[in-house]
1. Net charge near LEU157, counting Lys/Arg +1 and Asp/Glu -1 over other residues with Cβ under 14 Å of its Cβ?
2. Go through region 46-120 and name the chymotrypsin sites (Phe, Trp or Tyr not before Pro) that are in a DSSP coil and have 13 or fewer other Cβ atoms within 10 Å of their Cβ.
3. Near ASN53, within a Cβ-to-Cβ distance under 11 Å, what is the net charge of the other residues, with Lys and Arg +1 and Asp and Glu -1?
4. With a 10 Å radius around each residue's Cβ, average the other Cβ atoms per peptide and rank 140-149, 25-34, highest first.
5. Taking only C-alpha pairs under 8 Å that are 6+ residues apart, what is the relative contact order of region 2-204 in percent?
6. Only four residue types carry charge here, +1 at the Cβ of Lys and Arg and -1 at the Cβ of Asp and Glu. Report the dipole size of region 2-204 about the Cα centre in Debye, rounded to the nearest 20.
7. Enumerate the calculated ³J(HN,Hα) couplings along region 85-102 in order (Karplus 6.51 cos²θ - 1.76 cosθ + 1.60, θ = phi - 60°), each rounded to whole Hz, writing x wherever the residue is Gly or Pro.
Amino acid sequence: MTATLLTSGASAAAVTFSDSDFADANWTAVEALDTSPDNSFSFSGARVPFLGNPGAYSQALNQLVSTTPSSIGSGHFQTGAVFDPGEDGTFGTLEMSFDGISLGAETGAMGYAVLIEQGGNYFQLGLGQVLDNAGLARFGAAGLVKSDFIALDGGVLDLSNAGSALSIGIHVSNGTFGAPGDPSVNKGGFDNWSAAVHAVEIHAPGATALFMLALTGLGFARRREGRSNAA
């Protein structure tokens, strides 16, 4: 697990996150979408030490028992994969890439998306799907801005400096299949995950204060020089 601030000059930076080992302590699974009327969606996320690309990968399991056609989705977030527009800089664009993995024997597919959580609301950009037991598929997107995302459960995404902190992760989703009421179980996962927020301005109150202090000192020195010349 890594999180890095890469700067280029004093006014731009990329805040980056990545993982290819997926220790369970570093990841959290949450319910991001459930349109079932009986709230029968269950989900989990766990590290699998083999069958990744290569080595370990993070498995996502979604299960639903419902007589009503429904859509379900679990969100998977790395601890610390957070960008705070009020502290880390002005949000510019977001990019993400990862391998989607489907190794289950069930019939169906898992959908994959870039996922942002803000203030308890979820926003996604769909990237595609992997048929069950189809193996690996590489997903990626760059240059993402507010208009690229749709709300899963209401709310308005605020990427301005006044917006609250953003958690950045992956949405793994599917719908029901088979006979009504039968368990709908899909196993998917992901590997070689990386994300980067490209900030267009870095907030540095300390540097700003030093700059203003220097300007004040320069103005004071010029006033003293002017008085000396007048004398």
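1. On the way: positive: LYS146; negative: GLU117, ASP148, ASP153, ASP158.
Around LEU157, the surrounding residues sum to -3.
2. Values: sites: PHE50, TYR57, PHE77, PHE83, PHE91, PHE98, TYR112; in loops: PHE50.
In loop regions of region 46-120 (DSSP not H, G, I, E or B), the sparsely surrounded chymotrypsin sites (Phe, Trp or Tyr not before Pro) are PHE50.
3. Values: positive: ARG138; negative: ASP99, ASP191.
Here the count lands on -1.
4. 25-34, 140-149
5. On the way: 562 pairs, mean separation 67.0, N = 203.
In percent, rounded to a whole number, it is 33.
6. Working: 4 positive and 20 negative charges, 62 e Å.
Roughly 300 debye, rounded to the nearest 20.
7. Couplings: x, x, 10, 8, x, 7, 4, x, 9, 10, 10, 8, 8, 5, 9, x, 10, 9 Hz.
Throughout, read-outs are computed from the coordinates displayed, never taken from laboratory work. Just so you know, these numbers come straight off a predicted model, no measurement behind them. Note: ideal-geometry Cβ built from the backbone for every residue, glycine included; neighbour counts use all protein chains shown.
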